[in-house]
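Below is one structure; the comments refer to it alone.
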Amino acid sequence: MKIFTTRHQIAQYFTHKTGKTIGFVPTMGALHNGHISLIKRAQQACNEVVCSIFVNPTQFNDPKDLEKYPRPIAADIAMLEQAGCDILFNPPVSEIYDNNEKWHLNIGNLEHLLEGEFRPGHYQGVMQVVNKLFNIVKPDLAFFGQKDYQQFMVISKMVELLNMPVKLVMCPIQRETDGLAMSSRNVHLTAYDRQHALILSKALSGVKDSFGIADIPQLQLQAKQLINSEPGIGLEYFEIVDGDTLTPVSSNTKSIVALVAARAGKTRLIDNMLIV
Ligand code: AMP
């Protein structure tokens, strides 16, 4: 695997690579099998796969969260080598940002719903960095996890508004055998937190299993009650919404998704499940 840390190195490398399909998997590192599943999916569809590891400061609204974000770069490189990834782009912050750069793209209410309500400014930071990374890597296809369902919608909106020549691919959530969605933040969970965090995927599965038996407000209430009664878990939101708009289900709804965010101890976790 080639490891590049500058934009120039990426540009140089791809100068002579016309005609190849480039797949891109942006990450913040602390890789797990969820990330690797994206690399594998990219390899099926592309000639060359670029993974980026960049802990993007502009998407963190909590400086402590940024500071303690795990950065096991040697282990990450080993995992990418093992997966047969072609290129790792691992730039320092100074390679991506000048001081005090401004960014704003109006994507309407999508930015302020769900995650946006609890993490103000987060999605502007996500768009800012993904826009930069797309301009550097110039991928044909970019692969993102359903784990960050709303993020996928936000990036799709940016690509549409800016007419970016890239196709986005959503890949399924990888889970531990007990149902916990894989996440770089899971390393922060104590054994106690981890055990109780299982209530999130259980509540989502419960909604999926009971869909059609109870109505949506009932299902939502039951799921919230279940999570609220779990020790050590602080629920932020549990919503069952239209999968295309993240707004309440209506007669035009084609798919339904349940999304949850909660704190397990000090660790913030998100998860979701397609219901229909
Ligand atoms: P992150 O490093 O958390 O920014 O995630 C990088 C990419 O990996 C994003 O597209 C995530 O949605 C995706 N991802 C994270 N966790 C999982 C998972 N458990 N299963 C599938 N994809 C994931």
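The values are calculated or read from the model by the stated rules, or taken from the named source; none is laboratory data. Note that the structure is a prediction, hence the values are computed from the model and not measured. Positions of Cβ are generated from backbone atoms using ideal geometry, with glycine treated the same way; all protein chains shown enter the neighbour counts.
Consider only pairs whose beta carbons are under 6 Å apart and that are at least six residues apart or on different chains; among these, list those whose first residue lies in the range 117-132 and is in the same structural domain as Lys157 (by TED's automatic domain parsing) and whose second residue is in a helix (DSSP H, G or I) and among the acidic types (Asp, Glu).
Tyr123/Glu111
Determine whether Ala191 is crowded, with 16+ Cβ neighbours inside 10 Å and not polar (S, T, N, Q). Walk me through it before giving the result.
Working: crowded, with 16+ Cβ neighbours inside 10 Å: no; not polar (S, T, N, Q): yes.
Spelling it out, it is not the case that Ala191 is crowded, with 16+ Cβ neighbours inside 10 Å and not polar (S, T, N, Q).
Answer yes or no as to whether Lys64 is farther than 30 Å from His188 by Cβ and either more than 13 Å from the ligand (Cβ to nearest atom) or exposed (fewer than 14 other Cβ atoms within 10 Å of the Cβ) (or both).
On the way: farther than 30 Å from His188 by Cβ: no; either more than 13 Å from the ligand (Cβ to nearest atom) or exposed (fewer than 14 other Cβ atoms within 10 Å of the Cβ) (or both): yes.
The answer is no for Lys64.
Hydrophobic (A, V, I, L, M, F, W, C) and surrounded by 19 or more Cβ atoms within 10 Å (Cβ to Cβ): which single residue out of Leu113, Leu105 fits that description? Outline the logic, then answer.
Working: Leu105 fails: surrounded by 19 or more Cβ atoms within 10 Å (Cβ to Cβ).
Exactly one residue qualifies, and that residue is Leu113.
Of all residues in the range 156-185, which are near the ligand (Cβ under 9 Å from one of its atoms) and assigned to a helix (DSSP H, G or I)?
Ser184, Arg185 - these are the residues of the range 156-185 that are near the ligand (Cβ under 9 Å from one of its atoms) and assigned to a helix (DSSP H, G or I).
Of all the residues that make up the range 1-54, how many are within 25 Å of Met170 (Cα to Cα), of a type in the set (D, E, K, R) and assigned to a strand (DSSP E or B)?
1
Only one of Phe152, Phe134 is more than 14 Å from the chain's Cα centre (by Cα), part of a helix (DSSP H, G or I) and within 14 Å of the ligand (Cβ to nearest atom); which? Before the answer, list the steps.
On the way: Phe152 fails: more than 14 Å from the chain's Cα centre (by Cα).
After applying the criteria, what remains is Phe134.
Could you check the range 7-60 and list, in sequence order, the residues that are touching an Asp or Glu at 6+ places or on another chain (Cβ under 6 Å) and either away from the ligand (no atom under 16 Å from the Cβ) or not assigned by TED's automatic domain parsing to the domain that holds Gln128 (or both)?
Across the range 7-60, the qualifying residues are Lys20, Thr21, Ile22, Glu48.
If we scan the range 121-131, do we find a residue that is within 14 Å of the ligand (Cβ to nearest atom), closer than 26 Å to Ala74 by Cβ and crowded, with 20+ Cβ neighbours inside 10 Å?
Yes, there is a match, as at least one residue in the range 121-131 is within 14 Å of the ligand (Cβ to nearest atom), closer than 26 Å to Ala74 by Cβ and crowded, with 20+ Cβ neighbours inside 10 Å.
If you check Asn106, Asn99, Asn61, which single one turns out to be modelled with pLDDT of 95 or more, more than 16 Å from Cys171 (Cβ to Cβ) and in a loop (DSSP other than H, G, I, E, B)? Even if it seems obvious, please write down each step before you answer.
Values: Asn99 fails: modelled with pLDDT of 95 or more; Asn61 fails: modelled with pLDDT of 95 or more.
Matching residue, one of Asn106, Asn99, Asn61: Asn106.
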